[in-house]
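Undergrad: The structure under discussion is supplied below as structure tokens; questions concerning it will follow.
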Amino acid sequence: EFLPQQNKVNAGDKLKGQLMATGKHVIVIGGGDTGSDCVGTSNRHGAASVTQFGVMPMPPEQENKPLVWPYWPIKLRTSSSHEEGVQREFAISTKEFVGDGKGGKAGKVKALKTVQIEFKDGRLTELPGTERDWPADLVLLAMGFTNPLASVLEAFGVAKDARGNAKATTDFIGGYATNVDKVFAAGDMRRGQSLVVWAIREGRQAARAVDEYLMGSSDLPR
């Protein structure tokens with residue numbers, strides 16, 4: 001809700017109780033574009049400090065083009081929001097929100113407890129001795145997701161791939177069909193978190209696959 005509120009104010013709306021970062025130690029959990037927007041908005045609010053956490057290791061400043069092409073290149077991306085001022089932390093995981101104990105229960109957040117992590121055999125592993133407390137008056141969750149809600153796939157009995165997504169191919173014949181008859185999967189459900197253009201493309205191709213399944217052939221474009 002932090003970013004939509006600011007968008008409304010920028011459009012000239014009057015808001016009561018707007019969530020503000022002014023004078024606060026802000027921690028943004030999430031290293032993507034939404035996290036970058038949170039960094040920039042916090043700076044313009046006049047935050048005391050802005051720190052951004054990313055769970056993945058710090059990527060290289062220059063991608064290995066022959067290795068990654070034609071896929072999206074993995075490299076360090078610095079936005080104009082980052083250039084306004086931020087402390088970026090990589091390969092870090094939040095273990096606990098610490099409250100000030102005021103106003104009942106835990107009160108308001110005052111710090112985060114974190115630990116450094118590394119990937120081993122495809123799994124996250126905590127590094128002993130790397131625990132740390134970070135002052136935090138405002139924590140903004142800008143995290144993505146790694147796979148669809150497992151209970152949805154399990155309810156249909158749909159097989160999952162190694163990443164927990166619905167298992168289905170993009171083959172011209174039989175593409176987007178899961179192991180369950182009459183159940184098809186496309187977009188984020190099949191490929192994981194990605195760009196909307198991929199969802200549009202796969203949605204169209206899946207529609208053709210469904211039409212072909214029902215009618216025996218299809219005139220829909222692929």
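The values are calculated or read from the model by the stated rules, or taken from the named source; none is laboratory data. Here the structure is a predicted model, which means the values were calculated and not measured. Cβ sites come from the backbone with ideal geometry, for glycine too, and all protein chains shown count toward neighbours. Note: accessible area is taken over every heavy atom of the protein model, side chains too, but ligands, DNA and RNA are not part of it. Shrake-Rupley method; radii C 1.70, N 1.55, O 1.52, S 1.80 Å.
Undergrad: So for region 12-19 (the condition being small (Gly, Ala, Ser), at pLDDT below 95 and under 13 Å from Gly85 (Cα atoms)), does at least one residue qualify?
TA: No, the conditions are met nowhere in region 12-19.
Undergrad: Additional query: Within region 154-172, which residues are of a type outside the set (Gly, Ala, Ser) and either free of Cβ contacts under 8 Å to residues at least 24 places away in the same chain or open to solvent by 50 Å² or more (accessible area, probe 1.4 Å) (or both)? Let's see the steps before the verdict.
TA: Taking region 154-172 and keeping what is of a type outside the set (Gly, Ala, Ser), we get 154, 156, 158, 160-161, 163, 165, 167, 169-172.
Glu154, Phe156, Lys160, Asp161, Arg163, Lys167, Thr169, Thr170, Asp171, Phe172 - these are the residues of region 154-172 that are of a type outside the set (Gly, Ala, Ser) and either free of Cβ contacts under 8 Å to residues at least 24 places away in the same chain or open to solvent by 50 Å² or more (accessible area, probe 1.4 Å) (or both).
Undergrad: Something else now. Looking at (1) over 30 Å from Ala209 (Cα atoms); (2) surrounded by 13 or more Cβ atoms within 10 Å (Cβ to Cβ), can you tell me which one Gly175 breaks?
TA: Unmet for Gly175, out of (1) over 30 Å from Ala209 (Cα atoms); (2) surrounded by 13 or more Cβ atoms within 10 Å (Cβ to Cβ): (1).
Undergrad: Right, something else. Can you name the residue in region 136-153 that is more than 10 Å from the chain's Cα centre (by Cα) and of a type outside the set (A, V, I, L, M, F, W, C) and, of all such residues, is surrounded by the most Cβ atoms within 10 Å (Cβ to Cβ)?
TA: Step by step, filter region 136-153, then rank; the result is Pro148.
Undergrad: Sort out which residues of region 173-182 are within 17 Å of Pro221 (Cβ to Cβ) and either out of contact with any helix residue (DSSP H, G or I) (no Cβ under 7 Å at 6 or more places or on another chain) or among the aliphatic types (A, V, I, L, M) (or both), and write them in order of number.
TA: The one that is within 17 Å of Pro221 (Cβ to Cβ) and either out of contact with any helix residue (DSSP H, G or I) (no Cβ under 7 Å at 6 or more places or on another chain) or among the aliphatic types (A, V, I, L, M) (or both): Ile173.
Undergrad: Another question, then. Give, as residue ranges, the strands (runs of 3 or more DSSP E) completely inside region 58-153 that count at least 1 residues that are modelled with pLDDT of 90 or more and closer than 25 Å to Glu1 by Cα.
TA: Values: elements: 87-89, 92-99, 109-120, 123-126, 132-135, 138-141.
Those strands (runs of 3 or more DSSP E) span 87-89, 92-99, 109-120, 132-135, 138-141.
Undergrad: Which residue, of Arg191, Arg204, is closer than 30 Å to Gly31 by Cβ, charged (D, E, K, R) and free of Cβ contacts under 8 Å to residues at least 40 places away in the same chain?
TA: Working: Arg204 fails: closer than 30 Å to Gly31 by Cβ.
So the residue among Arg191, Arg204 that is closer than 30 Å to Gly31 by Cβ, charged (D, E, K, R) and free of Cβ contacts under 8 Å to residues at least 40 places away in the same chain is Arg191.
Undergrad: Consider Val39 carefully, then state whether it is part of a helix (DSSP H, G or I), hydrophobic (A, V, I, L, M, F, W, C) and free of Cβ contacts under 8 Å to residues at least 24 places away in the same chain. If you could, list the steps in order and put the result at the bottom.
TA: Values: part of a helix (DSSP H, G or I): yes; hydrophobic (A, V, I, L, M, F, W, C): yes; free of Cβ contacts under 8 Å to residues at least 24 places away in the same chain: no.
For Val39, the condition - part of a helix (DSSP H, G or I), hydrophobic (A, V, I, L, M, F, W, C) and free of Cβ contacts under 8 Å to residues at least 24 places away in the same chain - is not met.
Undergrad: Turning to a different aspect of this structure: Looking only at residues that are open to solvent by less than 40 Å² (accessible area, probe 1.4 Å) and over 17 Å from the mean Cα position of the chain (by Cα) in region 29-45, which one is farthest from Ser81 (Cα to Cα)?
TA: His45
Undergrad: Given the conditions (1) part of a strand (DSSP E or B); (2) surrounded by fewer than 21 Cβ atoms within 10 Å (Cβ to Cβ), and given that Val26 satisfies all but one, which numbered condition is not satisfied?
TA: For Val26, the exception is condition (2).
Undergrad: How many residues are in contact with a helix residue (DSSP H, G or I) (Cβ under 8 Å, 6 or more places away or on another chain) and of a type in the set (D, E, K, R) if we restrict to region 183-206?
TA: 4
Undergrad: Please go through region 200-215 and give me each residue that is of a type in the set (A, V, I, L, M) and touching a Pro at 6+ places or on another chain (Cβ under 9 Å), ordered by number.
TA: If the condition is that a residue be of a type in the set (A, V, I, L, M) and touching a Pro at 6+ places or on another chain (Cβ under 9 Å), then no residue fits.
Undergrad: Let me ask another. Taking the condition of being aliphatic (A, V, I, L, M), open to solvent by less than 60 Å² (accessible area, probe 1.4 Å) and within 21 Å of Thr146 (Cβ to Cβ), how many residues in region 178-203 meet it?
TA: So the answer is 3.
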